[in-house]
Structure formats: structure tokens, C-alpha cells
Amino acid sequence: MNCIEFEKKLVNAGLTKESFSELTNIPIATVKNWAAKRKGKYSDCPKWVEPYLNLHIDSKENKIYIKKLIEELRGINNNEF
């Protein structure tokens with residue numbers, strides 16, 4: 001995953017480089033180096049970063065879904081009594 005894809009995934013995950021750095025315990029300088037251009041080419045992120053961000057995005061979406069489901073179930077239970 002190149003730095004452009006990395007930045008797009010961060011936005012989808014609702015993260016900044018700084019928050020990603022804190023979340024993963026990776027120095028911010030390292031995270032910023034992934035976006036640095038060297039010899040006219042962007043470097044790639046480590047292979048684990050993309051699956052990590054994908055899981056983070058899925059987890060975030062699942063939490064929203066579960067919260068809505070719980071609210072609906074509570075509404076159903078309240079109407080029954």
C-alpha cells in the first residue's frame with residue numbers, strides 16, 4: 001500500500017497520522033516517513049498496515065451497527081410492556 005492509499009484508508013478509518021501513531025505505538029516520525037517521497041517515488045507502508053486499517057474500519061462499522069441494533073431491541077422491549 002503506497003502513501004496515497006494509506007492516507008485514504010486513514011480518512012475512512014477516522015484516523016490521522018498522529019492518532020494512528022498513538023493507537024499502534026509507532027513513532028510519528030516513522031508514520032510520516034511512509035508518506036515521504038524518495039528518488040521521485042513514494043515508499044510503501046509495511047504489509048501489516050492495510051489489514052490493520054481494514055479491521056479498524058470494520059470494527060468501527062460493526063460498533064455502529066450493534067449500537068443501532070441494541071437501540072431497536074430496547075425500543076421493541078419498551079413497547080411490549
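Observations on the structure shown:
- Some residue of region 70-80 being assigned to a helix (DSSP H, G or I), at pLDDT 85 or above and over 24 Å from Lys9 (Cα atoms): yes
Residue by residue, here is whether (1) of a type outside the set (Asp, Glu); (2) surrounded by 11 or more Cβ atoms within 10 Å (Cβ to Cβ); (3) in contact with a Phe, Trp or Tyr (Cβ under 6 Å, 6 or more places away or on another chain) holds:
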site	(1), (2), (3)
Val11	yes, no, no
Thr16	yes, yes, no
Glu22	no, yes, no
Ile26	yes, yes, no
Pro46	yes, yes, no
Glu50	no, yes, no
Lys63	yes, no, no
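- Selection count where residues are assigned to a loop (DSSP other than H, G, I, E, B) and touching a Cys at 6+ places or on another chain (Cβ under 6 Å), scope region 1-23: 1
- Matching residues, region 24-45, being free of Cβ contacts under 8 Å to residues at least 12 places away in the same chain, of a type outside the set (Gly, Ala, Ser) and not in a strand (DSSP E or B): Asn25, Ile26, Pro27, Ile28, Thr30, Asn33, Lys39
The values are calculated or read from the model by the stated rules, or taken from the named source; none is laboratory data. Predicted, not measured: the structure shown is a model, and the values here were computed from it. No Cβ is skipped: glycine too gets one built from the backbone with ideal geometry, and neighbour counts run over all protein chains shown.
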